[in-house]
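The structure appears right after this line, and notes come after that.
The values are calculated or read from the model by the stated rules, or taken from the named source; none is laboratory data. Owing to the predicted nature of the structure, the values given are computational and were not obtained by experimental measurement. Virtual Cβ from ideal backbone geometry, glycine too; neighbours counted across all protein chains shown. Side chains included, ligands, DNA and RNA excluded: accessible areas come from the protein's heavy atoms. Shrake-Rupley method; radii C 1.70, N 1.55, O 1.52, S 1.80 Å.
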Amino acid sequence: QLQLVESGGGLVQPGGSLRLSCAASGFTLNDYAIAWFRQAPGKGREGVSCMNGDGGKTDYADSVKGRSTISRDSAKNTVYLQMNSLKPDDTAVYYCAADPTAWDRDPSLPEAYEYWGQGTQVTVSS
């Protein structure tokens, strides 16, 4: 049974950091492209970062480039999103997504991903 479970969200002050986790089960991450998306109230789902199956390729949205890092711990079958210098505009529900073919199309689009986690709330506020 393929599952993605996000964790690590919470309340953080502007300028602070969080590390989100996406634990995969029922499949091996290196067979799937994986991505982080976020959705703020009243807004569409926005791609944050993505990584191909073998971890050799990554990409970031301009809004988070330079202050976010996607990484993978293959032994734990878990993907992380480290976010630093957080801003109030980073407030959103963050979702992990996976698909075996997303990188072959456009991995920044939510339509490219079949499998999704339930999301974890990130709130950046004083």
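Summary of values
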{"read-out": "Subset of the stretch 71-121 [part of a strand (DSSP E or B), over 25 Å from GLY16 (Cβ atoms) and basic (Lys, Arg)]", "value": "none"}
{"read-out": "Considering residues of the stretch 16-70 that are assigned to a helix (DSSP H, G or I) and open to solvent by 50 Å² or more (accessible area, probe 1.4 Å) only, the residue nearest to THR101 (Cα to Cα)", "value": "ASP31"}
{"read-out": "Filtered residues of the stretch 104-116 (kept if touching a Phe, Trp or Tyr at 6+ places or on another chain (Cβ under 9 Å) and either of a type outside the set (Gly, Ala, Ser) or on the phi > 0 side of the Ramachandran plot (or both))", "value": "PRO107, PRO110, TYR113, TYR115, TRP116"}
{"read-out": "Selected residue [out of contact with any Ser or Thr (no Cβ under 6 Å at 6 or more places or on another chain) and in contact (Cβ under 8 Å) with a residue 60 or more places away in the chain] from ASP54, ASP90, ASP31, ASP59", "value": "ASP31"}
{"read-out": "Odd one out for VAL79 among (1) among the β-branched types (Val, Ile, Thr); (2) surrounded by fewer than 18 Cβ atoms within 10 Å (Cβ to Cβ); (3) at pLDDT 95 or above; (4) closer than 15 Å to LYS57 by Cα", "value": "(2)"}
{"read-out": "Whichever residue in the stretch 82-121 is over 16 Å from VAL5 (Cα atoms) and β-branched (Val, Ile, Thr) and, among such residues, is surrounded by the most Cβ atoms within 10 Å (Cβ to Cβ)", "value": "THR91"}
{"read-out": "Residues located in the stretch 1-13, provided they are more than 14 Å from THR120 (Cβ to Cβ) and open to solvent by 60 Å² or more (accessible area, probe 1.4 Å)", "value": "GLN1, GLN3, GLN13"}
